[in-house]
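*Asks:* I'd like to ask some things about the structure below.
Values in this text are rule-based calculations from the coordinates and carry no lab data. Here the structure is a predicted model, which is why all the values come from computation and not from measurement. Ideal geometry is used to build each Cβ from the backbone, glycine not excepted, and the neighbour counts take in all protein chains shown.
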Amino acid sequence: MEVVLAKHAGFCFGVQRAVDEVYSETLRGGPIYTYGPIVHNEEVVKDLERKGVRVLDSPEELPEAMGGTVMIRAHGVPERIIREIDRLGIRCVDATCPFVKRIHNIVSRESAAGRKIVIIGNPGHPEVEGIMGWAKGSATVLESEQEARDFVCDPAEEICIVSQTTFNYNKFQDMVEIFMKKGYNVSVVNTICNATEERQTEAREIAAGVDAMIVIGGKHSSNTRKLYEICRQECANTYFIQTVEDLHLNLPESVRTVGITAGASTPNNIIEEVQNYVRFNF
C-alpha cells in the first residue's frame, strides 16, 4: 500500500504555540485553567486534564480560577472575557493565535470607525464568537453563499468583511464576489491563515490522486471538518477519524494508494500512528 502523507498536516503555528504555553505552565506549578479547551482535540485535552489543567466553559466559572492562572486558547475570546479576568485580578496567559489577534484588532478599529462588520465563518465557533466580541457595535456572521445573497443593508453604510482563519478559501472568495456584485461600499480583508490555504490546497490535490483518503482530527474541529468536505469532493473513499482506534477501513481490493491529512489541532504522534497502521496493515 502506498501512503501519501500531506506535508501540511497537524499542529499549525498558532495551535503549537498555545499547546506549548499551557504545557510550560504545568511545569510552573499552581492551579491552571483554560478558557474553553485549549485546542479542539480530545486527546490533547485529556492529557492536560491528567496534568491538573481544568477547563472553564463560561464567564460565571471564572471566579473559580482566583489564585490560579487562566490560559486563553488559540481561538481567542471576546474582549469582555479579558476585561472580566482583569477585574477579578486573575493571572492570565493569552495564547490567542497572532493571526486571530490581528482580526480582533481589525474588527475593533473598523467598527470604532463606524463600519459594519461582516464575518464570514461558522456561527457558534469559538473563534468567530471571539471575533464578534471585539466589535464596538453589532457584527453579522455569514456562513453560506445563500446568506450572502440574502444580506441587505443601507447602501450608504460602509462594510468591512473579515473571515474566520480556517474558513474554506474558495468559498470565501465566492461570497466576497456576491457582495461586490451588490454594489455595497465594501472593504475586504482576507484573514484566512496562509497555513489553512496551504493545507486545503494540498489536501484537495492529494485526494484527487489517491484511491482512499483519511482525514484525522477532533470531532469538534471546524478546520478538520472542512478538510473532510474538500477531500470528499475529490475522493469518494474519504474517512474522518480522531485516532487510530477509529480506523476501521473496508477498502476495495482495487485500492493501492491512500492519502492522509490532518487538522490543525491534531498532534504528530496521532498522525504517525495512523500512517504506520495503514502502511503495515493493508
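*Asks:* So what is the relative contact order of the chain, in percent, for Cα pairs below 8 Å that sit 6 or more residues apart? Don't skip to the answer; put the middle values down first.
*Replies:* Working: 521 pairs, mean separation 63.1, N = 282.
The normalised contact order for the chain reaches 22 percent.
*Asks:* Here's a follow-up. In a GNM of the chain with a 10 Å cut-off on Cα contacts, which of 56, 48, 27 has the highest mean-square fluctuation?
*Replies:* Looking only at 56, 48, 27, the biggest GNM fluctuation is shown by 27.
*Asks:* To the nearest Å, what is the center-to-center distance of segment 222-253 and segment 149-195, using C-alpha atoms only?
*Replies:* Using only Cα atoms, the two centres lie 30 Å from each other.
*Asks:* Taking only Cα atoms and a 10 Å spring cutoff, compute GNM fluctuations for the chain and point out the largest among 183, 209, 259.
*Replies:* The residue that fluctuates most here is 183.
*Asks:* Once the other residues with Cβ under 15 Å from the Cβ of residue 38 are scored (Lys, Arg +1; Asp, Glu -1), what is the net sum?
*Replies:* Values: positive: 17, 46, 50, 51, 54, 73; negative: 20, 21, 25, 42, 43, 47, 49, 57, 94, 127.
Surrounding charge for residue 38 is -4.
*Asks:* What area, in nm² and to one decimal, does the C-alpha convex hull of segment 14-97 cast on average over all directions?
*Replies:* Numbers: hull surface 19.0 nm².
Result: a mean projected hull area of 4.7 nm².
*Asks:* Considering the chain as a Gaussian network with a 10 Å cut-off on Cα pairs, which listed residue, 26, 261, 224, attains the greatest mean-square fluctuation?
*Replies:* 26
*Asks:* Go ahead and run the numbers for FRET between residue 158 and residue 55, Cβ-Cβ distance against an R0 of 30 Å, rounding to 0.05.
*Replies:* 0.15
*Asks:* Given just the C-alpha atoms of segment 145-279, how large is their convex hull per residue in cubic angstrom?
*Replies:* Measuring per residue, one finds 114 Å³ for the Cα hull of segment 145-279.
*Asks:* All other residues with a Cβ under 11 Å from the Cβ of residue 120 taken together, and with Lys, Arg as +1 and Asp, Glu as -1, what is their net charge?
*Replies:* -3
*Asks:* Give me the Å³ per residue figure for the convex hull around the C-alpha atoms of segment 1-142. Don't skip to the end; give the middle numbers.
*Replies:* Working: hull volume 19.6 nm³, N = 142.
Considering the Cα atoms of segment 1-142, their hull volume per residue is 138 Å³.
*Asks:* Compute the Cα gyration tensor for the chain, then decide on rounded, prolate or oblate, letting a ≥ b ≥ c be the square roots of its eigenvalues: rounded whenever a/c is under 1.5, prolate when a/b is larger than b/c in the other cases, and oblate in all that remain.
*Replies:* oblate
*Asks:* Which far-off residues, 5 or more places away or on another chain, put their amide H under 5 Å from the one on residue 76, with H placed in the peptide plane?
*Replies:* 97
*Asks:* If I stretch the segment between residue 112 and residue 254 completely, what's the gain in nm (0.36 nm per residue apart, minus their alpha carbon distance), one decimal?
*Replies:* That pair, residue 112 and residue 254, stretches by 45.2 nm at full extension.
*Asks:* Would you mind pulling out the separation of the Cα centroids of segment 3-48 and segment 70-117, in Å?
*Replies:* Distance between centres, Cα-based: 19 Å.
*Asks:* Let me ask something additional. Counting each DSSP H run of 4 or more residues in the chain as -39500 (n - 2.57), what helix-only mean residue ellipticity at 222 nm follows after dividing by all residues, to the nearest 500 deg cm²/dmol?
*Replies:* -13000 deg cm²/dmol, from helical runs alone.
*Asks:* Let me ask something else. State the percent of C-alpha pairs, over all pairs in segment 79-121, separated by a distance greater than 12 angstrom.
*Replies:* 70
*Asks:* Ordered by residue, what ³J(HN,Hα) values in Hz, to whole numbers, does segment 235-245 give under the Karplus form 6.51 cos²θ - 1.76 cosθ + 1.60, where θ = phi - 60° and Gly and Pro are x?
*Replies:* 9, 5, 8, 10, 10, 10, 10, 9, 9, 4, 5
*Asks:* What shape does segment 191-238 take by its C-alpha gyration tensor, where a ≥ b ≥ c are the square roots of the eigenvalues and a/c under 1.5 counts as rounded, a/b above b/c as prolate, and the rest as oblate?
*Replies:* oblate
*Asks:* Quick one: which residues, 5+ away or cross-chain, put their amide H under 5 Å from the amide H of residue 239? H built at 1.01 Å from N.
*Replies:* 213, 214, 215
*Asks:* Related question: Short version: ³J(HN,Hα) in whole Hz for each residue of segment 205-216, in order, from phi by Karplus 6.51 cos²θ - 1.76 cosθ + 1.60 (θ = phi - 60°), x for Gly and Pro, what are they?
*Replies:* Once rounded to whole Hz, the list reads 5, 5, 4, 6, x, 10, 8, 8, 9, 10, 10, 10.
*Asks:* Kindly state, to the nearest 0.05, the FRET efficiency for residue 149 paired with residue 4, given R0 = 45 Å and r defined as their beta-carbon distance. Provide the component values of the computation, followed by the final result.
*Replies:* Working: r = 38 Å, r/R0 = 0.84.
Calculated transfer efficiency: 0.75.
*Asks:* Right, next: Mean separation of Cα pairs under 8 Å and 6+ residues apart, divided by the residue count of segment 165-249: what relative contact order is that in percent?
*Replies:* Numbers: 82 pairs, mean separation 24.0, N = 85.
Relative contact order for segment 165-249 comes out at 28 percent.
*Asks:* For segment 20-27, in order, what is each residue's ³J(HN,Hα) by Karplus, 6.51 cos²θ - 1.76 cosθ + 1.60 with θ = phi - 60°, in whole Hz (x at glycine and Pro)?
*Replies:* Each residue of segment 20-27 in turn: 4, 5, 6, 5, 4, 5, 5, 6 Hz.
*Asks:* Once label points are set 7 Å from the Cα along Cα→Cβ at both residue 101 and residue 138, what is their separation, rounded to one decimal in nm?
*Replies:* 3.2
*Asks:* Now, a different point. What share of Cα pairs, in percent, lie more than 16 angstrom apart in segment 99-192?
*Replies:* Details: 2067 of 4371 pairs.
Percentage above 16 Å: 47.
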